[in-house]
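Enquirer: First the structure, which I've put down as structure tokens, then a few questions once you've had a look.
The values are calculated or read from the model by the stated rules, or taken from the named source; none is laboratory data. As the structure is a computational prediction, the values presented were derived from the model and not from experiment. In this analysis, Cβ positions are derived from the backbone assuming ideal geometry, glycine residues included, and neighbour counts consider all displayed protein chains.
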């Protein structure tokens, strides 16, 4: 029992006191409504052009993805079977699976099972009773590593355990499968990446595999896998969560996108801040591509679903090679059709609904990912990396930067004449409608918090007006452009200075849902517009 977390002990004890007919029960009255708020989408694509070897390789990669899924369960909650096997209610069980635990990710991590308390801020990366002060006093240079967990030993003292040791059995299996898959790869770049990633899982050193991933150019299949993002660590923002995306390249759309990669150095140079905040030139190997996703696993599948990726996160790799921006076209289209368009019909001024446009949505999302690679990764005043300096605020601030700077980039490229026949009104109005879509992710989500900041900043700057008669919003294009430039500058400077206190104030003061916005979000819910999407996915769905 000594190895169980305090939360786990409570659950085990609670279950032991219940009869088999009286299992875990919902703590909220509208559970079915919340389950139904997720629109089911099939993740399909045409794989008829793949060879038999590539299809065999896909089967192996699905297995690796499932291992990542199991590992994320352990990071977010623990042994999922202790939870799922003691739930009789089908809606409750489905909601637990959507959220990878008993906390509602799109409702500020509210517990939705009776007897379950608040979600630990540090998930299961740290002991639940560990304080930030205790962590800071721990003398171990690996304590802040992305790839270690902190636990207590038999004497109650904190110890640092590498992922490769903590999950040796699972990661060894995943590594073996990646090596087996590499022998089936027809792209030499993809083969090299899979082999390097297999090593990384066992060594906690992902640098070489990140470089190999950056150097791939001709692979139709892509596989993002491993411990990657730090959103799940709400305590220190330091620990990476396991996830996997299995992707098939859309060669037609990718050819259109790659044109813009050449502009990254110029875009960095033209950022609206002093030169000291843009001294880090993005690597020249950055590329833009479009994909159909055929599998989400782990962190990326929990709660709200990602529709674009900018990786690697390693600042050293970004400076040397840049980053790759992957647009997940089928998921993006589903969110546009099922969520964004219905929201715009409800909340956007009738005269501006004509500007709601999928291509604008695609561009806004794509240049959001481009913006992640711009700005500065290491503070200008010796506070370390931006992530280290901003601590738990880093993810929300970075997402806010990417959102607003993405719109700035589109505006700048249009003014440069690089986006032909571009009507920026489509980007601005679609951007506004997207705020209502993403702010529903709640304060527990870095993306949700970022959208709250932007909405309230726009409100202060009068970038939009609200018609009290019909409750619709109308963009003031000139004022939105001014607000966009000002917020872009504020965030870029904040990151460059590593100003943690200012980041905290921005989140505390602007990262909130106002009463009027809450009423309008309730209107969206009352209209039964989906809050997000969930998937039917896997080998059978794509015909393997």
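Enquirer: Within the stretch 400-421, work out how many residues are within 18 Å of residue 267 (Cα to Cα) and not in a helix (DSSP H, G or I).
Expert: Number satisfying all stated conditions: 5.
Enquirer: Does any residue of the stretch 356-363 turn out to be closer than 23 Å to residue 454 by Cβ and over 22 Å from the mean Cα position of the chain (by Cα)?
Expert: Taking the stretch 356-363 first, the residues closer than 23 Å to residue 454 by Cβ are 356-363.
Next, from what is left, pick out any that are over 22 Å from the mean Cα position of the chain (by Cα): 356-357.
So far as the stretch 356-363 goes, yes, one or more of its residues are closer than 23 Å to residue 454 by Cβ and over 22 Å from the mean Cα position of the chain (by Cα).
Enquirer: Of 517, 521, 487, 507, which residue is assigned by TED's automatic domain parsing to the domain that holds residue 51 and under 21 Å from the mean Cα position of the chain (by Cα)? Spell out how you get there, then give the answer.
Expert: Values: 517 fails: under 21 Å from the mean Cα position of the chain (by Cα); 521 fails: under 21 Å from the mean Cα position of the chain (by Cα); 487 fails: under 21 Å from the mean Cα position of the chain (by Cα).
Residue meeting the stated conditions: 507.
Enquirer: Another question, if that's okay. Somewhere in the stretch 39-51, is a residue assigned by TED's automatic domain parsing to the domain that holds residue 148, in contact with a helix residue (DSSP H, G or I) (Cβ under 9 Å, 6 or more places away or on another chain) and in a helix (DSSP H, G or I)?
Expert: No.
Enquirer: Let me ask something additional. If you check 315, 272, which single one turns out to be over 14 Å from residue 373 (Cβ atoms), surrounded by fewer than 18 Cβ atoms within 10 Å (Cβ to Cβ) and touching a residue at least 40 places away in the same chain (Cβ under 8 Å)? Can you show your working first?
Expert: Numbers: 315 fails: over 14 Å from residue 373 (Cβ atoms).
Unique residue meeting the criteria: 272.
Enquirer: Kindly indicate whether any position in the stretch 125-133 is surrounded by fewer than 19 Cβ atoms within 10 Å (Cβ to Cβ), assigned to a strand (DSSP E or B) and in contact (Cβ under 8 Å) with a residue 40 or more places away in the chain.
Expert: There is no residue in the stretch 125-133 that is surrounded by fewer than 19 Cβ atoms within 10 Å (Cβ to Cβ), assigned to a strand (DSSP E or B) and in contact (Cβ under 8 Å) with a residue 40 or more places away in the chain.
Enquirer: Taking helices (runs of 4 or more DSSP H) that do not extend beyond the stretch 444-544, which have at least 3 residues that are touching a helix residue (DSSP H, G or I) at 6+ places or on another chain (Cβ under 6 Å), surrounded by 17 or more Cβ atoms within 10 Å (Cβ to Cβ) and on the phi < 0 side of the Ramachandran plot? Before the answer, list the steps.
Expert: Details: elements: 446-460, 477-497, 500-510, 515-526.
Correct list: 446-460, 477-497, 500-510.
Enquirer: Any residue at all in the stretch 326-335 that is in a loop (DSSP other than H, G, I, E, B) and modelled with pLDDT of 95 or more? Lay out the reasoning, then the answer.
Expert: From the stretch 326-335, those in a loop (DSSP other than H, G, I, E, B) are none; that's our starting set.
Looking for residues that are in a loop (DSSP other than H, G, I, E, B) and modelled with pLDDT of 95 or more, one finds none in the stretch 326-335, hence no.
Enquirer: Something else about it: Identify, by number, the condition in (1) farther than 18 Å from residue 464 by Cβ; (2) modelled with pLDDT of 95 or more; (3) crowded, with 23+ Cβ neighbours inside 10 Å that residue 368 doesn't meet.
Expert: Here residue 368 clears every test but (2).
Enquirer: Also: Would you check if there is a residue in the stretch 414-426 being surrounded by fewer than 18 Cβ atoms within 10 Å (Cβ to Cβ), in contact with a helix residue (DSSP H, G or I) (Cβ under 8 Å, 6 or more places away or on another chain), at pLDDT below 95 and more than 27 Å from residue 278 (Cβ to Cβ)?
Expert: Yes, the stretch 414-426 contains at least one residue that is surrounded by fewer than 18 Cβ atoms within 10 Å (Cβ to Cβ), in contact with a helix residue (DSSP H, G or I) (Cβ under 8 Å, 6 or more places away or on another chain), at pLDDT below 95 and more than 27 Å from residue 278 (Cβ to Cβ).
Enquirer: Scan the stretch 99-124 for residues that are part of a helix (DSSP H, G or I) and either at pLDDT below 95 or in contact with a strand residue (DSSP E or B) (Cβ under 6 Å, 6 or more places away or on another chain) (or both) and report the count. Please lay out each step first, then the result.
Expert: Residues of the stretch 99-124 that are part of a helix (DSSP H, G or I), as a first pass: 99.
When the remaining residues are screened for being either at pLDDT below 95 or in contact with a strand residue (DSSP E or B) (Cβ under 6 Å, 6 or more places away or on another chain) (or both), the result is none.
So the count comes out to 0.
Enquirer: Still on this structure: Of all residues in the stretch 81-93 being out of contact with any strand residue (DSSP E or B) (no Cβ under 9 Å at 6 or more places or on another chain) and without any contact (Cβ under 8 Å) to a residue 12 or more places away in the chain, which is surrounded by the most Cβ atoms within 10 Å (Cβ to Cβ)? Lay out the reasoning, then the answer.
Expert: If we filter the stretch 81-93 for residues that are out of contact with any strand residue (DSSP E or B) (no Cβ under 9 Å at 6 or more places or on another chain), which is where we start, we get 81-82, 84-85, 90.
Within this subset, residues satisfying the condition of being without any contact (Cβ under 8 Å) to a residue 12 or more places away in the chain are 81, 85, 90.
Values: 81: 9, 85: 12, 90: 10.
Once the filter is applied, the top-ranked residue is 85.
Enquirer: Sticking with this one: Given the criterion farther than 25 Å from residue 39 by Cβ and surrounded by 23 or more Cβ atoms within 10 Å (Cβ to Cβ), identify the matching residue among 325, 335, 320. Don't jump to the end; show me each part of the working.
Expert: Working: 335 fails: farther than 25 Å from residue 39 by Cβ; 320 fails: surrounded by 23 or more Cβ atoms within 10 Å (Cβ to Cβ).
That would be 325, the only listed residue that is farther than 25 Å from residue 39 by Cβ and surrounded by 23 or more Cβ atoms within 10 Å (Cβ to Cβ).
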